[in-house]
Amino acid sequence: MSEPKKPAYGGQAVMEGVMFGGRHHTVTAIRRKDQSIDYFHLPRKTRSSFQKMKKIPFLRGIIALIESSANGTQHLNFSSERYDVLPEDDEKVQQEQKASKLEMIFGIAAIGVLSFLFGKFVFTLIPVFLAASLTFIFPERIEQILLESLFKVILLLVYIYFISLTPLIKRVFQYHGAEHKVINAFENGLPLTVENVQSQSRLHYRCGSSFILFTVIVGMFVYFLFPTADLVERILNRIVLIPVVLGISFEVLQLTNKVRSVPVLRYLGYPGLWLQLLTTKEPQDDQVEVAIASFNRMMELEKESESGLKKSALV
């Protein structure tokens with residue numbers, strides 16, 4: 001008799017912590033300045049109409065993004081508010097803390113779905129203008145689409161590289177690596193100890209970073225199917241096609257995760273994994289402890305919810 005398939009849990013890094021999401025709850029654990037671990041959790045509330053749409057291929061990716069953004073914003077606000085400014089800190093330290101929060105918001109936008117739609121508009125439209133400015137060299141439609149896609153990749157890599165140079169974002173990326181390591185340890189059936197988790201890869205096929213890169217690749221192929229006559233039409237075309245690109249990219253992400261154990265097909269997910277070399281860093285042991293604490297608390301709440309549902313079904 002085969003073992004039941006493990007649930008596909010996911011998460012994201014927040015300021016000085018990690019958020020994990022299950023079927024019924026999302027939980028964040030953060031490290032306070034006094035080294036204690038603080039928790040925040042939200043029950044998942046899904047509208048019945050959303051539940052039906054989440055079963056529809058290509059549409060379910062859009063719904064997942066909306067839900068993740070709504071939940072993730074609250075967890076991000078919690079981690080930001082609990083990032084302590086002590087009374088004895090001088091004015092310079094307090095100003096640095098405020099600047100750090102702004103850095104953190106931009107950094108997490110690069111590895112999760114928070115502010116994703118805004119970012120998608122920016123990273124979609126700027127390359128259009130850059131490619132259009134070179135029409136005197138590359139006038140053909142195919143050339144323009146290839147050039148536009150190249151600019152998207154360059155902008156994405158440059159953006160992530162430069163924000164990763166800040167100390168705060170480096171720590172966020174370390175927590176991102178800790179999140180992946182915990183998920184990998186769980187999926188590999190290992191007890192969640194610091195040693196076991198640290199032995200795992202900091203890369204994962206279902207990562208939001210991979211999703212972002214897939215939107216660039218998928219978008220290139222989608223644009224080939226919709227010819228445009230001028231710049232204005234091209235801009236409108238790109239905006240209208242954003243939901244289409246997001247929906248297809250989500251399915252591609254899920255596919256690469258499903259076939260990752262197939263020797264040849266596993267390479268389909270490699271571009272996303274390569275990007276994660278930038279958006280994740282090797283975590284320290286105390287950061288892994290926070291990620292494990294978050295995951296364990298989420299699992300406790302999930303078990304309580306499942307137990308409650310079983311009791312209700314028996315009544």
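Taking residues in segment 246-269 that are within 20 Å of residue 188 (Cβ to Cβ), and partners anywhere that are of a type in the set (Lys, Arg) and not in a loop (DSSP other than H, G, I, E, B), the pairs with Cβ atoms closer than 6 Å and at least 6 places apart or on different chains are 260/266.
Looking across segment 128-147, just one residue is under 18 Å from residue 225 (Cβ atoms) and part of a loop (DSSP other than H, G, I, E, B), and that is 140.
Would it be correct to say that residue 150 is more than 29 Å from residue 80 (Cα to Cα), part of a helix (DSSP H, G or I) and either out of contact with any strand residue (DSSP E or B) (no Cβ under 7 Å at 6 or more places or on another chain) or small (Gly, Ala, Ser) (or both)? Yes, satisfied.
Of the numbered criteria (1) closer than 14 Å to residue 276 by Cα; (2) crowded, with 24+ Cβ neighbours inside 10 Å, the one residue 203 fails is (2).
For segment 207-226, give me each residue that is in a loop (DSSP other than H, G, I, E, B) and buried (at least 21 other Cβ atoms within 10 Å of the Cβ). Matches in segment 207-226: 207 only.
Identify, please: which residue in segment 147-195 is acidic (Asp, Glu) and buried (at least 22 other Cβ atoms within 10 Å of the Cβ) and is, among those, farthest from residue 300 (Cα to Cα)? Give the derivation first.
First pass over segment 147-195, keeping only residues acidic (Asp, Glu): 148, 179, 187, 195.
Applying the additional criterion that residues be buried (at least 22 other Cβ atoms within 10 Å of the Cβ) yields 148, 179.
Details: 148: 47, 179: 17 Å.
Among those residues, the one meeting the criterion is 148.
The set of residues in segment 282-309 being part of a helix (DSSP H, G or I) and acidic (Asp, Glu) consists of 285, 286, 289, 300, 302, 304, 306. For segment 268-310, the candidate set comprises residues that are polar (S, T, N, Q) and surrounded by fewer than 19 Cβ atoms within 10 Å (Cβ to Cβ); within that set, the residue that is nearest to residue 213 (Cα to Cα) is 284.
Whether a residue is over 25 Å from residue 15 (Cα atoms), assigned to a helix (DSSP H, G or I), modelled with pLDDT of 95 or more and not polar (S, T, N, Q) was assessed, and residue 190 does not pass this test.
Of the listed requirements (1) of a type in the set (S, T, N, Q); (2) out of contact with any Cys (no Cβ under 9 Å at 6 or more places or on another chain); (3) assigned to a helix (DSSP H, G or I), residue 276 misses just one: (2). Could you say whether any residue in segment 35-51 is of a type in the set (Ser, Thr, Tyr), crowded, with 20+ Cβ neighbours inside 10 Å and either at pLDDT 80 or above or in contact with a Cys (Cβ under 7 Å, 6 or more places away or on another chain) (or both)? Scanning segment 35-51 turns up no residue that is of a type in the set (Ser, Thr, Tyr), crowded, with 20+ Cβ neighbours inside 10 Å and either at pLDDT 80 or above or in contact with a Cys (Cβ under 7 Å, 6 or more places away or on another chain) (or both).
The values are calculated or read from the model by the stated rules, or taken from the named source; none is laboratory data. Here the structure is a predicted model, which means the values were calculated and not measured. FYI the Cβ positions are ideal-geometry reconstructions off the backbone, even for glycines, and counts take in every protein chain you see.
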